[in-house]
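Read through the structure below, which is laid out as structure tokens, and then see the notes.
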Amino acid sequence: MSPESRKKVTYETGIQGEEIAENYLRSLGFRLIESRHREKTGEIDLIMEDGTTVVFVEVKARFSMQANGEGLRAVTPAKQRRIARTAMLYLMKQGWLRRDIRFDVVEINQHGIVHVPNAFQPGGIRF
């Protein structure tokens with residue numbers, strides 16, 4: 001498979017995973033605010049509300065047989081910092097700096113959905 005083909009498959013898998021995660025979270029009562037939000041610091045897959053809490057969701061779709069847990073492990077400390085910086089910019093633009101927030105990770109794998117609420121707590125964020 002060519003690098004271009006692999007990139008397209010990865011992108012399509014990511015989009016499919018985000019749709020599955022969004023539908024799952026909606027079934028739990030979450031409300032979608034925005035999907036695939038981009039800033040200069042990175043992208044947030046889903047921004048949702050869980051009650052009054054703004055939830056920044058990182059979605060990892062892994063459909064291969066050996067992939068269970070790989071999506072969760074892919075949210076490294078560096079990835080967490082990028083997500084947190086992007087979330088902070090989003091909150092500043094919305095005027096929501098006083099809102100309750102949390103960072104969830106959703107892994108979609110061959111066995112189903114693994115949702116980890118409050119998956120990480122970013123420390124000091126530097127821009």
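A few remarks follow.
- Thr53 vs. criteria among the hydroxyl-bearing types (Ser, Thr, Tyr), modelled with pLDDT under 95 and either touching a strand residue (DSSP E or B) at 6+ places or on another chain (Cβ under 7 Å) or over 19 Å from Ser35 (Cα atoms) (or both): no
- Test: Glu70 is surrounded by fewer than 17 Cβ atoms within 10 Å (Cβ to Cβ) and at pLDDT 95 or above: no
- Pair list, Cβ < 6 Å and 6+ apart or interchain, from segment 79-99 residues that are exposed (fewer than 15 other Cβ atoms within 10 Å of the Cβ) to residues that are modelled with pLDDT of 95 or more: Leu97/Leu91; Arg99/Val54
- Residue pairs whose Cβ atoms lie under 8 Å apart, sitting 6 or more positions apart in sequence or on different chains, and linking a residue in segment 105-118 that is under 15 Å from Ile47 (Cα atoms) to a partner that is surrounded by 15 or more Cβ atoms within 10 Å (Cβ to Cβ) and of a type in the set (Phe, Trp, Tyr), are Val105/Phe120; Val106/Tyr24; His115/Tyr24; Asn118/Phe103.
- Filtered by the rule that a residue be closer than 22 Å to Leu28 by Cβ and among the charged types (D, E, K, R), segment 91-114 gives Arg99, Asp100, Arg102, Asp104, Glu107.
- Every residue from segment 1-43 that is part of a helix (DSSP H, G or I), at pLDDT 95 or above and either loosely packed, with under 13 Cβ neighbours inside 10 Å or aromatic (Phe, Trp, Tyr) (or both): Asn23, Tyr24, Arg26, Ser27
- Positions within segment 101-127 being of a type in the set (D, E, K, R) and either surrounded by 12 or more Cβ atoms within 10 Å (Cβ to Cβ) or within 23 Å of Ile15 (Cα to Cα) (or both), in sequence order: Arg102, Asp104, Glu107
The values are calculated or read from the model by the stated rules, or taken from the named source; none is laboratory data. Since this is a predicted model, take the numbers as computed values, not measurements. Methodologically, a virtual Cβ is constructed for each residue, glycine included, from the backbone with ideal geometry; neighbour enumeration extends over all protein chains shown.
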